[in-house]
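Student: Sharing a structure, written as structure tokens. Questions coming.
Read-outs: derived from the displayed coordinates by stated rules, not from any lab. Values in this document were obtained by computation on a predicted structure and should not be read as measured data. Every residue, glycine among them, receives a Cβ derived from its backbone with ideal geometry; neighbour counts consider all protein chains shown.
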């Protein structure tokens, strides 16, 4: 299950305000598409076997060069490096910091659904992983407007998975 600690740099690539049916009632909803460039170990959050599926190690670690991942070379360099993960989970807490940090530049959502997970595997041990967070709670015009004005901007996010037993 995806999770990112506080302060993870991401790009807010798309914001989609919409409505969603809750029985007979329409309620406001918001889809946020986020992209993160990180080490391929993030794939192990989805399944521990995924990093070894796409990557292998053919070269020794160079002294003085920071290690991005244990296995950094693409196993199949001619395979389309884009992949999708067909899983969705609900109950995530999402915090987006779009400014200088602190409460005044942070937007928080509870009980978000995370879905449409995809990634592009890259040589060198990095992946660009993307996902959509769909939120229906804690929406205000100010939050939606602020996020809409920050499309394609870098933000810092915190994504906490649902608590066990809730």
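Student: Can you tell me which residues in the stretch 76-123 are in contact with a helix residue (DSSP H, G or I) (Cβ under 9 Å, 6 or more places away or on another chain), surrounded by 14 or more Cβ atoms within 10 Å (Cβ to Cβ) and within 13 Å of residue 55 (Cα to Cα)?
Tutor: The answer is 81, 121, 122.
Student: Next question, about the same structure. State which residue is surrounded by the most Cβ atoms within 10 Å (Cβ to Cβ) when the search covers only the stretch 10-55 and only residues that are outside any strand (DSSP E or B) and without any contact (Cβ under 8 Å) to a residue 12 or more places away in the chain.
Tutor: Looking at residues that are outside any strand (DSSP E or B) and without any contact (Cβ under 8 Å) to a residue 12 or more places away in the chain, I get 50.
Student: Of the residues 107, 117, which single one is more than 14 Å from the chain's Cα centre (by Cα), under 26 Å from residue 22 (Cβ atoms) and part of a strand (DSSP E or B)?
Tutor: When all the criteria are applied, what remains is 107.
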